[in-house]
Structures are given as structure tokens and as C-alpha cells.
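Could you have a look at this structure, given as C-alpha cells, before my questions?
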Amino acid sequence: MINIAPSVLAADPLNMERSVQRMLDAGCDWIHVDVMDGHFVPNLGFTPALVRALRRRWPTVPLDVHLMMDNPDAYIREFAEAGATGLTVHAEVAGVRDSLKLIREAGCYAGLALKPATAAGEVLSLLPDCDLILVMTVEPGFGGQHLNAAMLDKLKEFRRLGWTGLLESDGGITLDNLPRLIDAGLDTAVMGTALYSAADPAEAVRRIRAMST
Ligand code: DX5
Ligand code: ZN
């Protein structure tokens, strides 16, 4: 089964609770939270306060927190204590192996994200420290971009290399391109615009479930 992880970046910021509830009512599995520091990516994103609030409101929903930042180590414990289920750090950031270890020590699953220019072969030695691989299908930083189709080969490459853990993509995923991602080995789909702007998110989720059975 595919884990469907709507990204709160696409939620209505003035109606966050209602907006996220609509995704959960539609049958989505996880909540994806983008944290951006204005340095690793040219945008600003969410903080531990949002993770804490989401966790209080939905005690059991997996919170998948994507740290697009240069110094994740300073915040890993805080995000874990706020209630994150998983924390994903970027392979392009110095000291990522230590970050992955800190994440597991903090009791979360450890995710490793790759920007489009980072090849699967560059992170092989990190795989034993990871529970999830996130293949970015756009340059990180903004929602509503177009998926880079060359990333399908990167998903396949991870499966070819024997990766059996969670394999996630993020950026530009639509109901039209998702079947190809699933064929390439994806099991966890982050979707912002495609789900939050869907007229009928429950119907979108039904269509996604039908793709993966
Ligand atoms: C991009 C973010 C994504 C973003 C995806 O940097 O990491 O999580 O919200 O949004 P869509 O699905 O609109 O591309
Ligand atoms: Zn993300």
C-alpha cells in the first residue's frame, strides 16, 4: 500500500486544522511538514510549534518532518520531542551521518533526502543509518513545481541496489504521474498541491489506492 503524505505547505494557513482534517477524512495516511531555513533553500517554513500542535490534535497520525536546513542537529531533539514520527535530513548537508544517528537516538525514523543533482551512488555508505529515502522530484523549497521525470531512474536505482526501506518522493506529484513513480519503486508519496487543491480529495485517494493494488 502507498503511504499518502499531504504536505501542509499547501494547506490554508488561516485554516490549518480544517485543511488537514479534510486530508485525513479523505483517507490520507501521514502528514508531511516542510521545515525551511531560508539558507539551505530560499524559502522559510514551519517550526517545532506546528509539529507540536499537529501532534496534540492528531495523537496517532505519522508526522513526516522534512528538514531543509543547514544545521539540523541543533533542532532534531526539539522536533522529536514535539512529536515528529520521522525526521528527514538532506544528503547535501555536512555531517549527515551524525544527523541520521541523532534522529534514531531521538526515537524517530531517520530519513535521507537527495536533491535532484545528488546521485543514489553518492549515499550508499549512509543506507545502513537510514529508514527512509526521499528522492526529491523538484528542487526543494517551493510547492507547485513540475516533477523532474529523470528522478524515476533514481527511484529504480535504489530498488536495484537492494533498498527495501521506505522510498518516498516529494515535489510535483500528480495523479497522472504517480503510477510511473509507483512502477519505479515508490511507496510513499508526498503531495501538496495535487491533494490540497483537489475538488474531491477522497476521490483522489480512492484513485491512488486503485493504482497500487
Ligand atoms: C518542496 C516541498 C514539498 C512541497 C510539495 O520543497 O518539500 O513538500 O510541499 O508540494 P507539491 O506537491 O505542490 O509539489
Ligand atoms: Zn517536503
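Read the figures in this text as sums done on the coordinates, not as results from a lab. None of the values given here were measured: they were computed from a predicted structure. We place every Cβ from the backbone using ideal geometry, glycine too, and count neighbours over all the protein chains shown.
How far is the Cα center of region 160-201 from the Cα center of region 39-89, in Å?
When both Cα centres are located, 21 Å separates them.
Follow-up. Run the simple label-point estimate for residue 71 and residue 47 please: 7 Å along Cα→C-beta, distance reported in nm.
1.6 nm
Oh, and also: Could the peptides 153-163, 71-81 be put in order, highest first, of the mean number of other beta-carbon atoms found within 10 Å of their residues?
Per-residue Cβ counts within 10 Å, averaged per peptide and sorted highest first, yield 71-81, 153-163.
Which value in deg cm²/dmol, rounded to the nearest 500, describes the helix-derived mean residue ellipticity at 222 nm for the chain, given -39,500 (n - 2.57) per DSSP H run of n ≥ 4 and division by the residue count?
It lands at -9000 deg cm²/dmol.
All other residues with a Cβ under 12 Å from the Cβ of residue 85 taken together, and with Lys, Arg as +1 and Asp, Glu as -1, what is their net charge?
Net local charge, residue 85 excluded: -2.
Follow-up. Summing +1 for each Lys or Arg and -1 for each Asp or Glu, what net charge is found among the other residues whose Cβ lies under 11 Å from the Cβ of residue 22?
-3
Treat each spin label as a single point 7 Å out from the Cα along the C-beta direction, and report the residue 14 to residue 180 distance in nm.
Result for the modelled spin labels: 3.8 nm.
Using a Gaussian network model of the chain with C-alpha springs under 10 Å, which one of 48, 13, 201 is most mobile by mean-square fluctuation?
13
Got a sec? How would 31, 103 order by Cβ neighbour count within 10 Å, fewest to most?
So the residues, fewest neighbours to most, are 31, 103.
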